[in-house]
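To start, the structure itself, in structure tokens.
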């Protein structure tokens, strides 16, 4: 299993507490998830992604970024590899244009469903798939659904349409498992953003949110003094560009 953390705020916000200083900061969690890390943050609306192999807790780069980043929107990921080898190209988050996504979960029997996933994703997004993880194909499918709903190029797409794209993607993945009679079920937690919103979806992995002066999403409560609420199974929690809370079951 991997671990996720996301933040979205109206104001430029430090992530030092969440990534480094809290009792259960992402660096602490990384001691059990040592197969690479990635941080995506937006500067003037442009995503910047830094990835590295190894354990975030032991990484000078992770600590330097955690100390210095101030941003409106960030998604961070620490990896415990399931599908795909341990390599830089397989580290999350993944990017296409302004869109970034990180996945926590697993698609069991990935070798049996991979070609099915490819067949329902648009070629223009598959073209920019560089690794060999289930997660990156999951991202390509989400992008394909965003394109189908004609919102992928919108700067401020409506949250309900983004949620629909995520749910359409999950439904198609689960349909593959059912059609191929694969008994193991996929776990498909994700964090998604284009810099104007932050969305989290939970399926078969824990996910929590804190909504106060900003929105934070985390696989585990950070022990940082904030009140963390568990996200229900199959629930979507998001905030839009005006920090309006969206809860979809």
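Readers should treat all values here as calculations from the given coordinates under stated rules, not as data from a laboratory. In this text, all values refer to a predicted model and were calculated from it rather than measured experimentally. Here Cβ is always computed from backbone atoms with ideal geometry, including for glycine, and neighbour counts include all displayed protein chains.
Ranked for footprinting exposure by Cβ neighbours inside 10 Å, fewest first, 249, 42 give 249, 42.
Taking 7 Å steps out from each Cα toward its Cβ at residue 245 and residue 181 produces label points 4.6 nm apart.
When the helices of the chain are scored as -39500 (n - 2.57) per DSSP H run of n ≥ 4 and the total is divided over every residue, the value at 222 nm lands at -7500 deg cm²/dmol. Among 110, 139, 201, which one moves the most in a GNM of the chain with springs linking Cα atoms closer than 10 Å? Checking each option, the largest mean-square fluctuation is seen for 110.
Arranged from fewest to most other beta-carbon atoms within 10 Å of their beta carbon, 134, 240 become 240, 134. The mean sequence distance of close C-alpha pairs (under 8 Å, at least 6 residues apart), as a share of the length of segment 167-219, puts its relative contact order at 22 percent.
The modelled label-to-label distance for the pair residue 87/residue 148, using points 7 Å beyond Cα in the direction of Cβ, is 2.9 nm. Among 9, 148, the ranking by other beta carbons within 10 Å of each residue's beta carbon, starting with the fewest, stands as 148, 9. Taking the chain as a Gaussian network of alpha-carbon nodes connected by springs under 10 Å, the highest mean-square fluctuation of the residues 15, 166, 237 belongs to 15.
Using the alpha-carbon atoms, what tilt in degrees (0 to 90, nearest 10) does helix 134-148 show relative to the longest principal axis of the chain? For helix 134-148, the angle is close to 80 degrees. Set the Cα radius of gyration of segment 46-115 against 2.2 N^0.38 Å, with N its number of residues, and you get 1.26.
Note: relative contact order over the chain, using C-alpha pairs below 8 Å and six or more positions apart, is 23 percent.
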